[in-house]
Amino acid sequence: MKHVIIGTGPAGVIAAETLRKIDPDSQIVMIGDEPEIPYSRMAIPYYLHGRIEEEGMHLRKSAAHFKDLNIELVRARAENVDTERQTVTLDDDEVVSFDRLLLATGSRPYKMDTLEIGCENVHACWTLEDARNIAKLAKEGDDVLLVGAGFVACIIMSALVSRGVNVTAIVRSKQVVRSMMNPRASAMIKRWCEKEGVRILTGTTITEASKDDAGGIEVTFNSGDKMKPALVIVATGVQPNIDFLQGSGIKTDSGILVDEFLRTNIPNIFAAGDAAQGFDLSTDEQSVHIIQPTAVDHGRSAALNMAGRTCKFQGSLLMNVLDTMGLISGSFGNWQGVESGESAEIVDEKNYKYINLQFKDDQLIGALTLGHTEHIGVLRGLIQTKVHLGKWKKHLMEDPTRLMEAYLGATQSIGHNAAVF
Ligand SMILES: Cc1cc2nc3c(=O)[nH]c(=O)nc-3n(C[C@H](O)[C@H](O)[C@H](O)COP(=O)(O)OP(=O)(O)OC[C@H]3O[C@@H](n4cnc5c(N)ncnc54)[C@H](O)[C@@H]3O)c2cc1C
């Protein structure tokens, strides 16, 4: 059996290792277009902070790890997939045949109309190469412009501030981290950033960017204000890498559509990670999660199915925990709630503490937290296991901090294992 995996991120690596464990005699080929030893993008903030070296970002200690497991690593870009011939064509024209194929191609940053990303002093913050460029260019005392104030922008702010740069973040909407926070929590995060010395401009876009004779960049905002930053970091969101599948017959929507076995509409082709649109536990729909835990879960389950073990994927929980210069915020499951649902919240604006819970009937379906780290495991457990809270819902509506009590009370009364997390 020949397994081919496109993508060498967490989803691809876990899949390859799982396959090797349960299918020792198979041939495994991993194709990746980045010139790096497989690494984790999640480690980029630590690298920018100077807390780890490049080696600390690698998913496994060395490239020899894959050789030792008899996993062949091919450095190339997959240009297209022929589902009938069962081949992948690479950018060097090599044609690789497969019996089973995994698409684990991750996602990539959106482009901008007004700025060319990747030129001298304008970079995304998505790859190791981006991180190297940012580390080289973000020097003490420099003005740095962050375009976007979402998850990635907020997570790297702390590293930038620690490098002694002056950060200005602009965001088109009225809210920071809009994709994971409601207006109240978002306003608290904005206030926290400003307290920490970051200038945040909401409702702001770049209308024009030009280069001066010395190669510096000048941007004009929609307000008419101008800025000459030493470095521009674009973090305006990402999209799954699925373009190369056009015309292949593999069905895509926002990502590659997969069933409960991580299988695409072509029976011997699977998808995992950021590129896949898989079953979402909190919405009961298929969605793209740009988070590493989902990538890892997908990779493992897809590999089991590729090796012929029928393994139904239970679905993944959308969960983001963000450290914005020391303020920890979390969004879990369906944090926006549902129309017929109820919600409860407790807020301490002064101390940057907030909990918002969303219920459907007597089940917790989503939550937001700010300044609380003690509830992360419990929230995950309650939402993921869809526990019926019974009388504990009323207690949580009155006091949302009683999460651990509610978890223990509700799970013990129906015989759940309280030690699931
Ligand atoms: C700064 C930063 C911080 C983050 N922090 C967190 C966090 O705290 N928590 C969290 O859960 N997630 C975080 N993430 C997101 C997380 O890194 C991703 O969800 C995760 O990397 C997805 O893994 P993946 O294997 O699906 O894709 P990727 O890691 O993107 O790997 C896919 C690989 O496939 C390659 N590829 C794409 N197309 C092709 C092709 N046609 N041919 C060959 N190769 C191809 C790509 O270049 C890439 O190397 C963060 C991301 C960034 C950038």
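The values are calculated or read from the model by the stated rules, or taken from the named source; none is laboratory data. Every value quoted in this text rests on a predicted model; they were computed, and no experiment measured them. Reconstructed Cβ throughout: ideal geometry from the backbone, glycine too, with neighbour counts over all protein chains shown. Keep in mind that these areas ignore ligands, DNA and RNA; they rest on the heavy atoms of the full protein, side chains included. Shrake-Rupley method; radii C 1.70, N 1.55, O 1.52, S 1.80 Å.
Okay, here's what the table says:
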| quantity | calculated |
| --- | --- |
| Within the stretch 69-88, tally of residues that are in a strand (DSSP E or B) and within 17 Å of ILE242 (Cα to Cα) | 7 |
| Among the residues listed as ALA149, ALA159, ALA169, the single one being of a type in the set (A, V, I, L, M) and within 17 Å of ASN121 (Cα to Cα) | ALA169 |
| Count of the stretch 264-289 residues which are part of a loop (DSSP other than H, G, I, E, B), at pLDDT 95 or above and within 16 Å of the ligand (Cβ to nearest atom) | 3 |
| Among the residues listed as THR236, THR252, the single one being open to solvent by 50 Å² or more (accessible area, probe 1.4 Å) and touching a residue at least 60 places away in the same chain (Cβ under 8 Å) | THR236 |
| Lone qualifier among GLY56, GLY12, GLY32 - being within 21 Å of TRP126 (Cα to Cα), more than 9 Å from the ligand (Cβ to nearest atom) and either outside the structural domain of ILE134 (by TED's automatic domain parsing) or surrounded by 14 or more Cβ atoms within 10 Å (Cβ to Cβ) (or both) | GLY56 |
| For PHE261: the one exception among (1) in contact with a helix residue (DSSP H, G or I) (Cβ under 6 Å, 6 or more places away or on another chain); (2) hydrophobic (A, V, I, L, M, F, W, C); (3) on the phi < 0 side of the Ramachandran plot; (4) open to solvent by less than 40 Å² (accessible area, probe 1.4 Å) | (4) |
| Filter pass, SER26 being over 25 Å from PHE151 (Cα atoms), more than 9 Å from the ligand (Cβ to nearest atom), at pLDDT below 95 and among the polar types (S, T, N, Q) | no |
| Residue check, VAL13 touching a Leu at 6+ places or on another chain (Cβ under 8 Å) and assigned to a strand (DSSP E or B) | no |
| Filter result for HIS298 (of a type outside the set (Asp, Glu), in a helix (DSSP H, G or I) and in the same structural domain as VAL258 (by TED's automatic domain parsing)) | yes |
| Any hit, the stretch 92-113, residues being open to solvent by 80 Å² or more (accessible area, probe 1.4 Å), within 14 Å of the ligand (Cβ to nearest atom) and in contact (Cβ under 8 Å) with a residue 40 or more places away in the chain | yes |
| Residue match in the stretch 387-400 (condition: open to solvent by 10 Å² or more (accessible area, probe 1.4 Å), at pLDDT 90 or above and under 19 Å from the mean Cα position of the chain (by Cα)) | no |
| Per-region count, the stretch 191-233, residues open to solvent by 60 Å² or more (accessible area, probe 1.4 Å), not in a loop (DSSP other than H, G, I, E, B) and not β-branched (Val, Ile, Thr) | 7 |
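Yes or no, residue by residue, for (1) basic (Lys, Arg); (2) buried (at least 24 other Cβ atoms within 10 Å of the Cβ); (3) in contact with a helix residue (DSSP H, G or I) (Cβ under 8 Å, 6 or more places away or on another chain); (4) part of a helix (DSSP H, G or I):
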| residue | (1), (2), (3), (4) |
| --- | --- |
| GLU140 | no, no, no, no |
| LEU146 | no, yes, yes, no |
| CYS154 | no, yes, yes, yes |
| SER158 | no, no, yes, yes |
| VAL161 | no, no, no, yes |
| MET181 | no, yes, yes, no |
| SER186 | no, no, no, yes |
